[in-house]
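Encoded as structure tokens, the structure appears first; notes follow it.
The values are calculated or read from the model by the stated rules, or taken from the named source; none is laboratory data. No experiment lies behind these values; they were computed from the predicted model shown. A quick note on method: Cβ atoms are made from the backbone with ideal geometry, for glycine too, and the neighbour counts reach across all protein chains shown.
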Amino acid sequence: MIQAENFLHQARQRGFDFYTGVPCSFLTPLINRVINDPDCTYVGATSEGEALGIAAGAWLAGRQSVVLCQNSGLGNTVNPITSLNHPFRIPALLIVTWRGGPEIQDEPQHALMGDITPRLLELMGIAHRPFPKHDRDIAPVLDQALAGMQANGLPFALIMEKGDVQNETLSATPMAPRARGKLHDHRSQAVIPRREEALAALLKRIPQPALVIATTGKTGRELFTLADRPQHLYQVGSMGCASAMGLGLALHSGRAVVVIDGDGAALMKLGNLATIGACAPRALVHLLLDNGVHDSTGGQPTVAVNVDFAAAAIAGGYAVAHRCDDIPGLNKALNCAFEQPGPQLIHMRIRPGSREPLGRPAIPPDQVARRLREFITT
């Protein structure tokens, strides 16, 4: 058994000082110490997949990230690990608990995942080692994890068992609610534009140093077709993680960040709105283009028809939200978003469809990630 502070000290010496994740009783001492420690930053995520997205954004901004989760939540990380971390070669240190592990009488929901945890990590190509049980093991384990991450650009997992870390009392106070944000309505009932027109309008007004995360599907493909810039990242998977990545970037890059989202993707991880609202990054602009369909897969309808994304953002803690349905309305919203502190969400109705044929980004994802990281850190 080790003290959490001993682990955090060794981790800080290796650059790990940003933590995000979802609690587990096995993780309680470590998470409590991270929250108590003024030299560490912790973002509590609404899902483990969201935490991977936040950590990926932080890595793009030059930080070394740690993702904390229960192994039952490891299933929520399968998509981002396989379609974000792998293609973009974005590393993170994973600390995964082993509920239902060997010789542990645990709750029935942990039985299967307890049996397959190491094998699931291996199937995803994630190297793993046991979490250190003695102080003498901390440095070697962290060095091995860091070397593995640097060698292949992938996450590395430490599997924590019950009792690996001594109890730690949480001393932090609960978060205080903020004043309700402002909601602006710029809708005109004019001719609703297509996504490409909205993206072209964004590119005309976006500050040159701003960073852009485009959600998976036709959004990233159209953005690349209109203008490829080193500060753009085109997601090729990890649906729903664009806003989480944008949050990680906004918290650490010191630059304006624009997330271009879709209704289907936003609905997949709607909890991201609450995490962004709680963290309140002032330079984050969240542009949600809502065509009511899954455009990239044949136009099947989403369930967004009754969803008021702008109101949801305000309820989640965004400083400002906008509704618009034409280019003049979008321009008004963008002017506000780039001039006033956020986070701000712009919910824009658009028409389905895109140009034909529509190409794809010609730059491999890992190169896209590294040129963006270089753009930020140089």
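Give me the residue from segment 16-63 that is among the small types (Gly, Ala, Ser) and assigned to a helix (DSSP H, G or I) and, out of that set, nearest to the chain's Cα centre (by Cα).
Applying the filter and picking the extreme gives Gly53.
Considered as a group, the residues in segment 128-166 that are polar (S, T, N, Q) and outside any loop (DSSP other than H, G, I, E, B) include one that is farthest from His9 (Cα to Cα), and that residue is Asn152.
Here is a yes/no grid of residues against (1) farther than 11 Å from Asp263 by Cα; (2) in contact (Cβ under 8 Å) with a residue 12 or more places away in the chain; (3) among the charged types (D, E, K, R); (4) in a loop (DSSP other than H, G, I, E, B):
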residue	(1), (2), (3), (4)
Ala278	yes, yes, no, no
Arg282	yes, yes, yes, yes
Leu289	no, yes, no, no
Ala313	yes, yes, no, no
Tyr318	yes, yes, no, yes
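Return the residues of segment 167-208 that are part of a loop (DSSP other than H, G, I, E, B), touching a residue at least 24 places away in the same chain (Cβ under 8 Å) and over 30 Å from Pro38 (Cα atoms); say none if nothing qualifies. Result: His186, Arg187, Ser188, Gln189, Ala190, Val191, Ile192, Pro193, Ile206, Pro207.
Apart from one condition, Val191 fits all of (1) in contact with an Asp or Glu (Cβ under 8 Å, 6 or more places away or on another chain); (2) more than 29 Å from Leu60 (Cα to Cα); (3) surrounded by 15 or more Cβ atoms within 10 Å (Cβ to Cβ); the exception is (3).
Evaluated against (1) in a loop (DSSP other than H, G, I, E, B); (2) farther than 13 Å from His347 by Cβ; (3) modelled with pLDDT of 95 or more, Ala265 falls short on exactly one condition, (1).
Gly73 - would you say it is in the same structural domain as Met124 (by TED's automatic domain parsing) and in contact with a His (Cβ under 9 Å, 6 or more places away or on another chain)?
So Gly73 fails the test.
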